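Notes to accompany the following structure.
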Amino acid sequence: MTFLNKVLYKARMPFALTHRFDYRNDMMSLEQIANFDLLITDLLERKVEGAFVELGCYTGNTTAVFGKLLSLLDPAREFHVFDRFDIELGKERGIRATFEERMRRNALPMPVIHEGDLMELVPAQIPGHIAFAHIDLGTGGSPENHSKLMTHALQALYPRMAKEGIIVLMDYHVSGRTVLGKDVNPGVRKAVDAFLDDKPEKPILLLAGPCSHAFLRKL
């Protein structure tokens, strides 16, 4: 691809070839990383107290982003990740080993790891006071099962969120409003909209390139 782009550049063509996003192997987009940076920086500047929690970390792509931001801005902040580590998507194998190696390779502190079924770990092992949470529970299963997981996660997180705390909702998609992103896990919106129906907070869509996500801020 690099060679072809050089050819296109020399030919003065007004475009370049780019990597096609693979929803099975590419876990997040550059736009999502930029969103995480903005949301977390703002959260810390507001001095919102509480732990960082990630429900569904897989091989640690998003964990590394959160960990890097915390290492630069608030290294003492408590950080917990939850995952089964036994579901292998795409070409990945040895999920927990890959996760831990990613942390070491990036010279990042290892977060507190909670391994097991989310339905059993949550809410028992969730911190009592949370500033930031990221929920990504898509495993390729049915929308109904995904929706149940999302509802369980939201029921556990919501009462523990600090005022002005943030929950980022991976794969939250609204057809006709989400720009570019695909509705790869429709169970997310189903669960989120039902859970927030009687609450003051509403999800705010984020531009995420080929992906979809949104966030809510606790009032």
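Read-outs throughout are calculated quantities, based only on the coordinates presented, and are distinct from any laboratory measurement. Note that the structure is a prediction, hence the values are computed from the model and not measured. Here the Cβ positions follow ideal geometry from the backbone for every residue, glycine too, while neighbour counts run over all protein chains shown.
Which residue out of Ala162, Ala133, Ala214, Ala153 is among the small types (Gly, Ala, Ser), within 26 Å of Thr41 (Cβ to Cβ), surrounded by fewer than 23 Cβ atoms within 10 Å (Cβ to Cβ) and in contact (Cβ under 8 Å) with a residue 24 or more places away in the chain?
Values: Ala133 fails: surrounded by fewer than 23 Cβ atoms within 10 Å (Cβ to Cβ); Ala214 fails: surrounded by fewer than 23 Cβ atoms within 10 Å (Cβ to Cβ); Ala153 fails: surrounded by fewer than 23 Cβ atoms within 10 Å (Cβ to Cβ).
The unique qualifying residue is Ala162.
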Hey, could you check segment 58-110 for residues that are of a type in the set (Asp, Glu) and in contact with a strand residue (DSSP E or B) (Cβ under 7 Å, 6 or more places away or on another chain) and say which is farthest from Gly138 (Cα to Cα)?
Glu78
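Tell me which residues, restricted to segment 161-177, are among the aliphatic types (A, V, I, L, M) and under 18 Å from the mean Cα position of the chain (by Cα). Can you show your working first?
Quick first cut of segment 161-177, residues among the aliphatic types (A, V, I, L, M) only: 161-162, 166-170, 174.
The answer is Met161, Ile166, Ile167, Val168, Leu169, Met170, Val174.
Residues checked against (1) touching a helix residue (DSSP H, G or I) at 6+ places or on another chain (Cβ under 8 Å); (2) among the acidic types (Asp, Glu); (3) more than 23 Å from Ala64 (Cα to Cα):
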residue	(1), (2), (3)
Ile126	yes, no, no
His129	yes, no, no
Leu149	yes, no, yes
Gln155	yes, no, yes
Pro159	no, no, yes
Leu169	yes, no, no
His173	yes, no, yes
Leu206	yes, no, no
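Determine whether segment 188-206 contains at least one residue that is among the β-branched types (Val, Ile, Thr), closer than 21 Å to Gly50 by Cα and surrounded by 15 or more Cβ atoms within 10 Å (Cβ to Cβ). Don't jump to the end; show me each part of the working.
Taking segment 188-206 as the starting set, the residues that turn out to be among the β-branched types (Val, Ile, Thr) are 188, 192, 204.
Subset that is closer than 21 Å to Gly50 by Cα: none.
No, that holds for no residue.
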The listed residue being touching a Lys or Arg at 6+ places or on another chain (Cβ under 9 Å) and touching a residue at least 40 places away in the same chain (Cβ under 8 Å), out of Phe66, Phe52, Phe99:
Phe52
State which residue is farthest from Arg46 (Cα to Cα) when the search covers only segment 189-201 and only residues that are in contact with a helix residue (DSSP H, G or I) (Cβ under 6 Å, 6 or more places away or on another chain) and not aromatic (Phe, Trp, Tyr).
Lys190
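Kindly evaluate Pro111 against the criterion of being surrounded by 13 or more Cβ atoms within 10 Å (Cβ to Cβ) and within 24 Å of Leu219 (Cα to Cα). If you could, list the steps in order and put the result at the bottom.
Details: surrounded by 13 or more Cβ atoms within 10 Å (Cβ to Cβ): yes; within 24 Å of Leu219 (Cα to Cα): no.
The answer is no for Pro111.
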